[in-house]
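Below is one structure, written out as structure tokens, with a few remarks after it.
Please treat every number below as a calculation from the coordinates, not as lab data. All values derive from a computational prediction rather than experimental measurement. Positions of Cβ are backbone-derived with ideal geometry, glycine not excepted, and every protein chain shown enters the neighbour counts.
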Amino acid sequence: MSKTVTVVGGGLAGTEAAWQLAQRGIPVRLFEMRPARPTPAHVTDRLAELVCSNSMGSTLPDRALGILKNEMLTLGSFVIRTAFKHALPAGQALAVGRDEFAEEITARISDHPNIELDRQEVTVVPDGPTILATGPLTSDKLTHAVQSLTGRYLYFYDAMAPIVTYEGIDRKIAFRRNRWDKSGSEGTDEGDNFNCPLDQAQYEAFVDALLAAPRIELSGADKELERYFEGCMPIEALAQRGKDALAFGPMRPVGLRDPSTGQRPHAVVQLRQDNVAGTLYNLVGFQTNVKWGAQAEILRMIPGLQNAEFVRLGQMHRNTFINSPTLLRPTLQFKQRDDLFFAGQITGTEGYVGSALGGLLAGINMARLLSDQPLMQLPRPSMSGALFHYITHAAADDFQPMKANMGLLPSLPQPVRNKRQRYASYAARAKQALDTYLRQLNFTPLN
Ligand SMILES: Cc1cc2nc3c(=O)[nH]c(=O)nc-3n(C[C@H](O)[C@H](O)[C@H](O)COP(=O)(O)OP(=O)(O)OC[C@H]3O[C@@H](n4cnc5c(N)ncnc54)[C@H](O)[C@@H]3O)c2cc1C
């Protein structure tokens, strides 16, 4: 008889992990603290509750979330299969009947002969084989217990700056320079960052638009967060302090000369490389809580970003996540303890689908660990492999959660200019890489 695996958290990641184990004949004890202990976002006692939107993103086979969902079906995902059963008409996106979806997941988990569902809060990190999947709203007591395991590598909120693709940056306008050059004078060395220069009129128009923009209201416990953000204030809050505040803050131009004019611009927006491949750039110091539609429009006022492709827009909310680049292996094992896995949003894989993906890999790998099989490390050209590679290899100092997106994939051997063709090539390569890997591993997905 196999050891019982403890899975903590009956959300998207936890139910997927529990199912994968149970279907492989492994007994599971799944802890879910609701309804006795609610979270600020969940409103039912169901497992796998979708806390906000009911969309799981694109179903197109050449879009990031389309590729990811197909890979998860190939790997035997219970959550994605169930989501498709309850799909609503939504064009080329997977919108889900949230009640029916969560009801089915709850019923099938509760009825599974290998799963014992235990409705109580876990307050310590359990001994023995464990998967921690308690999500962005992990309870306070468990958060403290995880912190004693991870030290400072645990965060309580996130203030995310937008991220754009390299291809969407107009490099005729944005220039590569670091602030100051090696001799300490105003930068002339080719640098790592891109800089988008603004003259005074452009800067003032940008600030005016920012001040007029609608903001996402923080509510309840999240309102508390506003206190903590002095060190990383949202740009709209900074702008409120005075017209020049941004030009002296994250948009300061000192140490930079625009090569096309030979002059220091009035203000700049710096773009910092965000992944090893150099396909993604974040807007330095540009954490913001402006509503998403207005946000994209305002950011496209920045010279050099007029055609920007956003893979993530700025936002703030409570978010408990660990520093995966420091703490986890790409198998989702905790580096310091082989039989402890983390899965879901707590690892920094952002979004419903990415969260379920973590449960899928952690469940399969825990089963493999218990039966002395080599653990799965998904190939990098696949979307799932690219996402796990990102969360375990990103720069640890300013690690932030990440959604599946095309920019995570390694570059193609030959650049393809046409976007549709480029995405089709990425998708074909991802499929081939995963299929080959699973064949080599002799992997059979379980329904
Ligand atoms: C407010 C908010 C809105 C979001 N909106 C979206 C969106 O629209 N689209 C999107 O793709 N993503 C969204 N996300 C991000 C993310 O996709 C979801 O949070 C997703 O549910 C994460 O899946 P998970 O399995 O990691 O965590 P969850 O689905 O939150 O599951 C974790 C479970 O663990 C339980 N739990 C916590 N602590 C304990 C404990 N100590 N003991 C026992 N059980 C515990 C919780 O009750 C919960 O059921 C949102 C996140 C937040 C916080």
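Just a few scattered comments:
- In loop segments of segment 1-106 as defined by DSSP, the trypsin sites (Lys or Arg not before Pro) with at most 12 further C-beta atoms inside 10 Å of their C-beta are K3.
- Among beta bridges that DSSP assigns inside the chain, antiparallel share in %, nearest 5: 65 percent
- Restricting segment 324-383 to trypsin sites (Lys or Arg not before Pro) in coil, as DSSP defines it, with at most 12 other Cβ within 10 Å: K335
- Label-to-label distance for K172 and Q263 is 2.1 nm, based on points extended 7 Å past Cα in the beta-carbon direction.
- Placed amide H near F321: partners under 5 Å, 5+ positions off or other chain: Y155
- In loop segments of segment 402-447 as defined by DSSP, the trypsin sites (Lys or Arg not before Pro) with at most 14 further C-beta atoms inside 10 Å of their C-beta are R417.
- Counting only DSSP H runs of at least 4 residues, each contributing -39500 (n - 2.57), and dividing by the residue count of the chain, the helix-based mean residue ellipticity at 222 nm comes to -10000 deg cm²/dmol.
- Computed from backbone phi with θ = phi - 60° and the Karplus coefficients 6.51, -1.76 and 1.60, the 3J(HN,Hα) list for segment 87-99 is 5, 10, x, 8, x, 9, 10, 9, 9, 10, x, 5, 5 Hz; x is used for glycine and proline.
- The simple Förster model, with R0 at 41 Å and r as the Cβ-Cβ distance, assigns A294 and L412 a FRET efficiency of 0.75.
- Helix 200-212 and the longest principal axis of the C-alpha atoms of the chain enclose an angle of approximately 40°.
- ³J(HN,Hα) computed for each position of segment 170-177 - Karplus, 6.51 cos²θ - 1.76 cosθ + 1.60, integer Hz, glycine/proline x: 7, 7, 7, 9, 6, 10, 8, 7
- Anchor K141: lysines whose Cα lies under 22 Å away (excluding residues fewer than 8 positions away in-chain): K223
- A cut-off of 5 Å between modelled amide H atoms, ignoring neighbours fewer than 5 places along the same chain, links R312 with I163.
- Acute angle (nearest 10 degrees) that the helix 140-150 long axis makes with the longest principal axis of the chain, alpha-carbon atoms: 80 degrees
- Loop-exposed GluC sites (Glu not before Pro) per DSSP, neighbour cap 13 Cβ within 10 angstrom, longest uninterrupted part of the chain: 218-447
- Cα-based shape type of segment 382-447, given that a ≥ b ≥ c are square roots of the gyration tensor eigenvalues and the cut on a/c is 1.5: oblate
- Between 0 and 90°, nearest 10: helix 419-441 axis offset from the chain longest Cα axis: 30 degrees
- For the chain: Kirkwood Rh in Å [reciprocal of mean 1/r, alpha carbons]: 23.0 Å
- Summary value for the chain: 21 percent relative contact order, contacts being C-alpha pairs under 8 angstrom separated by 6+ residues.
- Anisotropy class assigned to segment 20-130 is prolate, per the alpha carbon gyration tensor with a/c at or over the 1.5 cut-off and a/b larger than b/c.
- Globularity ratio of segment 319-407, using Cα Rg and 2.2 N^0.38 Å: 0.99
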